[in-house]
Amino acid sequence: MTVRRGTWTTRRARTRGTVALGAALLVGGLLTACSGHPGAAAVVDGEPLGTDVLTTAYEELSPVFPGVTTADLLTILVTEPLLSDVAAERGLGVSDEQARTFLEEAATQQLGEAAGDVRFGDAAVAVARYSLAAQGLQGAQDAQAAADEFRQRVLDADIEVNPRFGTFEDTAVAPPARPSWVVPEGGRTAEGGQDSPEGTPVPAPTAR
């Protein structure tokens, strides 16, 4: 039995068909969406966040913030409303206009003239709101108290993440472990026969 990009194929279907089917069903179960919300990357207090929303945000932001991962963005998107509330309660709220200006400036710095062709959707704006709110709270007089309050609100929230994207641990999304039978494009690294590590998580994109 060989595995290529999540597709199961068997060379001895008659003798191993049952085993292959069972394995495929098992893997399929591990990659299903959040309970009761097909197509959701995450569900926060009953409100789904679509996989398409996460994908679009990644496509829009990854050229501007190299190194950002889907786990980073999913962490931000599911916790942004909570952080924004903590910031707003301290007079440090961030408007959509401020968030878009932040993104446009970051795109100009990173992409130069090509920045004019970039468009940012609502999810990208939410990521920028998070980044600006986090920066504002870091400079607040009660920065530690604000951080503690934010963390507690995250812990109190009912957050469910699609296993396809990882698990929500403490206050962040931990990327899923790569199954041993999955071979990444380009094969395994020469040293130790291990897969290449994922990119270092970026808590919040910042302009350079």
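Dividing the radius of gyration of the alpha carbons in the stretch 41-158 by their Kirkwood radius gives 0.98 for Rg/Rh.
For a protection proxy built on the mean count of beta-carbon atoms within 10 angstrom, sort 60-73, 136-149 highest first, please. Let's see the in-between values first.
Values: 60-73: 19.8, 136-149: 14.0.
Put in order of decreasing packing, that is 60-73, 136-149.
Extending 7 Å from the Cα toward the beta-carbon at both D170 and D45 defines two label points whose distance is 2.4 nm.
Coordinate-derived values only; no laboratory data. No experiment lies behind these values; they were computed from the predicted model shown. Virtual Cβ from ideal backbone geometry, glycine too; neighbours counted across all protein chains shown.
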